[in-house]
Amino acid sequence: MQTLAMHISNGIIDGPVAAIFAALALAALTVCVLRGRRDLDDRLAPMAGLVAAFIFAVQMLNFPIFTAGVSGHLLGGALAAMLVGPWVGALCVAVVLVVQALIFGDGGVAMLGLNITNMALLGTAAAYALIALLLRVLPRTRAGLAVTAFVAAMLSVVVASQGFVLQYWLGGTTDLGGNLAGLAGTMAGVHLLIGIGEGLITATTVLTVAKVRPDLVYALRSLRAPAAPLVPVAGGVR
Amino acid sequence: MKNRSWAFLAGGLLVALLLAGVVSNYASSHPDGLDSSLLKGCTVDADDNIVEGSCPAQQARDHELADGPLADYGVRGVRNSFVSTGLSGVLGVLVTFAIGAGGFWLLRRRGSTPTDGDVATPTPAEDDAATSRAGTAS
């Protein structure tokens, strides 16, 4: 079997359901473009390109998880939401998925709407909701930022995996004999473990950027702005 | 953009190129979370080919572009698998950056007319944006 990268292959979900999700994804991405434009200025635009390129690179790095014989890799929704915000972030992940499907034969072209819905839309949305919540309740320290990134990333992967379960319930090509809960449980368990890797990569990357250029971390800018004007001085993150 | 932003951008791209170009060769080749979940019910051999049983993964069909020049993260015609994977990764990073940065650049908000989205943006960002605009103009 060829190496696939946590993307739905052709034939797994039936055509009509794939088409519905393609339309849904297109509509949602249009909203992301409209809302994301407000965030996109001369500085954020190239940085968002870098975030997309970085996610592409890290998605190639499948890491083993504790279960024998199973691997996982970064999805990137939480990382993107942290660095460039939810709207532009979802677009970054979508760009990666489109490049992978159209150039690298990874994730069926007919399945693109399903994959974008799970990883770019659901993953990023869940991550940003958690980031917004955690940054408000956790202390404004590097540890607080790290915990925010880790937890948001880990849980966003599980949410994305359940998006697939919903899609499989609607249009899966194999009759599971009513055992959808089995698939949901397997997917959630495996992706919780993958989520630990996702959380570690996301927290490490966000902490690194916050140390070098705290002004480039969207979540710190927009969610903490009223109380702490973030000038990149020593200790600006704290 | 200010020099510091260019340096950050260049540094970030370099890290991405190294990860995709070199480290990618040490990635785990086991089936990932989704594939392994879809293989439940089937038994696979050492090469992860299905030998018996019944599972969702059996319905998988070939990719539309499975014969493309970069299909499956390898460069067609390059025999050395280390070079093939690394080169495809480097190309992928560059293409993704070009499409991403180019697309976002075209979408970006121009001029200094504030929109309601700006309420959440603190002044330092605005200052930087203004400086960089002045920089590009000169």
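Bear in mind these aren't lab numbers, they're just calculated from the coordinates by the rules spelled out. Only a predicted model underlies this, so the values are computations on that prediction, with no experimental measurement involved. Because the Cβ atoms are built from the backbone with ideal geometry, glycine has one as well, and the counts that use them run over all protein chains shown.
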- Note on the structure: Everything considered on the Cα gyration tensor (a ≥ b ≥ c; rounded for a/c under 1.5, else prolate if a/b is larger than b/c, else oblate), the stretch A:76-206 must be described as oblate
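Restrict the search to the stretch A:1-75; then list the chymotrypsin sites (Phe, Trp or Tyr not before Pro) that DSSP places in a loop and that have at most 12 other Cβ atoms within 10 Å of their Cβ. Provide the component values of the computation, followed by the final result.
Numbers: sites: A:F21, A:F54, A:F56, A:F66; in loops: A:F66.
Loop-located and lightly packed - A:F66.
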- Query: Can you pull the percent of Cα pairs in the stretch B:1-60 with separation above 16 Å?
  - Reply: 62 percent
- What list do you get for A:Y218, B:Y26, A:Y168 if you sort them by fewest beta carbons within 10 Å? B:Y26, A:Y168, A:Y218
- Item | Charge dipole (chain A, unit charges on Cβ, about Cα centre) - positive-most of A:T174, A:A143, A:G77 | A:A143
- Item | Pair A:T204, B:D67: separation of 7 Å Cα→Cβ label points (nm) | 4.1 nm
- Query: Over the alpha carbons of chain A, what is the largest minus smallest coordinate on each principal axis, giving the biggest first in Å?
  - Reply: 58, 37, 28
- Message: Can you give me the C-alpha center-to-center distance between the stretch A:123-179 and the stretch A:74-96, rounded to a whole angstrom?
- Response: 13 Å
- Using the 10 angstrom Cβ neighbour count as an exposure proxy, how do B:E52, A:E198 rank, fewest first? B:E52, A:E198
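Give me B:H30, A:H7 sorted ascending by neighbouring Cβ count inside 10 Å, so fewest comes first. Don't skip to the end; give the middle numbers.
Details: B:H30 19, A:H7 23.
Ranked by crowding around the Cβ, least crowded first: B:H30, A:H7.
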- Task: Would you calculate the separation in nanometres between label points at A:V212 and A:L133, each defined as 7 Å from the Cα along the Cα-to-beta-carbon direction?
- Result: 3.2 nm
- Once both labels are modelled 7 Å past Cα along the beta-carbon direction, what's the B:F82-B:K40 spacing in nm? 3.9 nm
- Item | the stretch A:135-208: relative contact order as a whole-number percent, Cα under 8 Å and 6+ apart | 52 percent
- Item | Cα principal axis extents for the stretch A:13-119, largest first, Å | 44, 34, 23
- Message: Going by amide H atoms built from the backbone, whose H comes under 5 Å of the H on B:D32, apart from near neighbours?
- Response: A:L4, A:M6, A:S71
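Given the peptides B:33-46, A:114-127, B:72-85, A:79-92, arrange them by the average over their residues of other C-beta atoms within 10 Å, most packed first. Before the final figure, lay out each step's value.
Values: B:33-46: 19.0, A:114-127: 27.3, B:72-85: 14.9, A:79-92: 29.9.
Packing proxy ranking, top to bottom: A:79-92, A:114-127, B:33-46, B:72-85.
Only Cα pairs under 8 Å and at least 6 apart count here; give the relative contact order of chain A as a rounded whole percent.
Details: 371 pairs, mean separation 58.7, N = 238.
Relative contact order comes out at 25 percent.
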- Query: Which value, in debye to the nearest 20, describes the size of the charge dipole of chain A about its Cα centre when Lys and Arg Cβ atoms bear +1, Asp and Glu Cβ atoms bear -1, and nothing else is charged?
  - Reply: 1000 debye
